[in-house]
Amino acid sequence: MSMIHDDLPLIDLHRHLDGNLRLATILDLARQHDLPLPANTLEELRPHIQVSEPETDIMAYFTRFNWMISVLADYDACRRVAYENVLDAAAEGLDYIELRFSPGSWRNRTNLTRPAWWKQWWKACGRGTQRHHRPRRYSLASSAGPMDRDRDEGTASAADPKGSHCGTGPGR
């Protein structure tokens, strides 16, 4: 017996936007921004990024995550990562995706400002869903950490994404 019925929408309620980068994107962005990585090819980089066996230490996960967020160096990188996340969700056949990100983990490493990166990621997700008509709906949610002193609460809409930590948008 199948746990998923064909008539039900396929959803992903907790995918980390800043922790779900393609290996090729990590290599490309690191090269563009002259950033060090532990390897220079896809196959050499894979064991440093992807978890293939159970980890006993949570710090091993954070080390992998740090390599991914290190390449979020500018707004173009943010747009690309958001767009590729939506493309990957569409390729997986998802109808709804909640993309989460943790700006407190990486914002202090860049000159990116909260309203600007939020807008870039929001626009890239919308562009991806409009182009591919999937996922039909998406949301962005931010987990604000201790470094997010200027955090404000609220929801975003397609009309006003600039100052919010959570929002949903139609895929078409």
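The calculated FRET efficiency for the pair His14 and His48, based on their C-beta separation and a Förster distance of 22 Å, comes to about 0.40. 3J(HN,Hα) couplings calculated from phi for the range 8-21 with the Karplus curve 6.51 cos²θ - 1.76 cosθ + 1.60 (θ = phi - 60°) are, in sequence order, 8, x, 8, 10, 10, 9, 7, 10, 7, 4, 8, x, 10, 9 Hz; Gly and Pro show x.
Note on Arg136 and Leu87: the extension gain reaches 16.4 nm, defined as 0.36 nm multiplied by sequence separation minus the Cα-Cα distance. Couplings 3J(HN,Hα) for the range 66-76, derived from phi with the Karplus relation 6.51 cos²θ - 1.76 cosθ + 1.60 (θ = phi - 60°), are 4, 5, 6, 6, 5, 8, 7, 8, 7, 5, 4 Hz, where x marks Gly and Pro.
Each reported figure results from applying straightforward, stated rules to the coordinates on display, with no laboratory input. Here the structure is a predicted model, which is why all the values come from computation and not from measurement. So basically every Cβ, Gly included, is an ideal-geometry build from the backbone, and we count neighbours across all protein chains shown.
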